[in-house]
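Below is one structure, written out as structure tokens; comments come after it.
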Amino acid sequence: TDYETILVETRGRVGWITLNRPDALNALNTQVCREVVAAASAFDSDAGIGAIVVTGSERAFAAGADIKEMESKTGLDMLLGDHFGGWTQFAAVRTPVIAAVAGYALGGGCELAMMCDIILAADTAKFGQPEITLGVIPGMGGSQRLVRAVGYYKAADLILTGRMMDAAEAERSGLASRVVPAADLLAEAQKTAEAIAAKGLPALYAAKAVLDGALESSLAEGLRLEKHVFASLFDTEDQKEGMAAFREKRTPDFRGR
Ligand code: HXC
């Protein structure tokens, strides 16, 4: 497939998507959205892929939605054209996704990272929702996901001032899963993705589904979901293999069924 704004490659069971618009600090325009969604969907339907990494450059994960593309739009354009709607498909990918963030993750860039399951941050990472400085507000889920990630008061501080926070503050706040030296970011992302991809796909999909459930439902509903999804895994070969491997003191060989 010919992509123009991203680089796509497979390393073992890990699918890599690298945002590649260096002249615009990886600003997310409609074409980037279309290409990222297509690449992620292709990885998602490939049983040979057990984890996806999304990354940018050393300077920028992504500096936001493309301001130049949005500038002249009307409210009706945004609404009827469902300008950011494609990203919903990205957030719905079943395969675990790691955001490997170096440099700027601002606006839509921060929101893209928050659509991923793990945010691995280089010590150079800078997160923020600066939309207020452009006269708008977060539009790709930031107002909702950031509150859930870091709590109301930190989210309000970022969204109302538009300031950036560094990697240490992002980790302290619970936005970054982990911070690593910038030079190690991609290797750490691959290592983490491999650790995930070595597990069984049914259990990975199940884990992601119940994690999503935790953000979307009441405790009682979430616990009901967990109970059923947990039980369903006992009908997989991977569960028998995982538990047999434990008893036999060996590494499990998951087949993804
Ligand atoms: C389009 C962008 C861009 C963006 C950077 N560029 N961010 N183009 N959309 N979001 C372009 C610049 O115009 C410039 O190209 C080139 O990338 C390099 O950027 P510079 O500003 O020259 O770099 P620097 O001085 O190092 O500053 C880096 C920066 C700054 C602090 C990240 O670029 C910046 O503030 N960017 C905008 C961040 C932002 O507001 N993001 C939120 C967008 S709204 P040229 O060709 O001009 O030199 C959003 C949510 C959408 O994401 C939902 C609401 C509707």
### Task
Could I have the simple spin-label model distance between Asn20 and Glu226, label points 7 Å from Cα toward Cβ, reported in nm to one decimal?
4.2
### Query
Lys pairs in the chain, Cα-Cα under 26 Å, at least 8 apart or on separate chains: how many?
16
### Query
Regarding the chain, what are the three Cα extents along the principal axes, ordered largest first, in Å?
61, 42, 38
### Inter-label distance, nm, simple model (7 Å from Cα along the C-beta direction), Ala92/Ala209
1.5
### Charge dipole (debye, nearest 20) of the chain; +1 at Cβ of Lys and Arg, -1 at Cβ of Asp and Glu
700
#### Entry: Gyration tensor (alpha-carbon) shape descriptor, segment 11-77, a/c threshold 1.5
oblate
### Query
Nearest 0.05, what FRET efficiency do Arg34 and Val136 give at R0 = 22 Å with Cβ-Cβ as r?
0.50
### Query
How much length is gained if the chain between Ala183 and Val147 is pulled fully straight, taking 0.36 nm per residue apart and subtracting their Cα-Cα distance, in nm to one decimal?
9.9 nm
#### Entry: Near-label residues of segment 192-232 by backbone N, under 17 Å of a point 7 Å along Cα→Cβ of Glu241
194-207
#### Entry: Charge tally in the Cβ shell below 15 Å around Val14, where Lys, Arg are +1 and Asp, Glu are -1, Val14 excluded
-2
#### Entry: 5 angstrom amide H check on Lys126, placed H, neighbours 5+ away
Gly103, Tyr104, Ala105
### Task
Rank by packing, highest mean first: peptides 122-129, 90-97, with packing defined as the count of other Cβ atoms within 10 Å averaged across residues.
122-129, 90-97
### Message
Rounded to whole Å, give me the distance from the Cα center of segment 130-166 to that of segment 183-257.
### Response
31
### Query
Of the beta bridges DSSP finds with both residues in segment 1-159, what % are antiparallel, to the nearest 5?
25
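Please rank Ile132, Ile119, fewest neighbouring Cβ atoms within 10 Å first, as an exposure proxy. It would help to have the intermediate numbers written out before the result.
Numbers: Ile132 15, Ile119 25.
Taking fewest neighbouring Cβ atoms as first place, the list is Ile132, Ile119.
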### Message
Given an 8 Å cut-off on Cα distances and at least 6 residues of separation, report the relative contact order of the chain as a percent.
### Response
17
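Let me have the 222 nm mean residue ellipticity of the chain computed from DSSP H runs of 4+ only, each contributing -39500 (n - 2.57), with the sum over all residues rounded to the nearest 500.
Counting only the DSSP helices, I get -13500 deg cm²/dmol.
FYI, it's all coordinate maths here, none of it is from the lab. Quick caveat, the model's predicted, so the values are computed rather than measured. Note: ideal-geometry Cβ built from the backbone for every residue, glycine included; neighbour counts use all protein chains shown.
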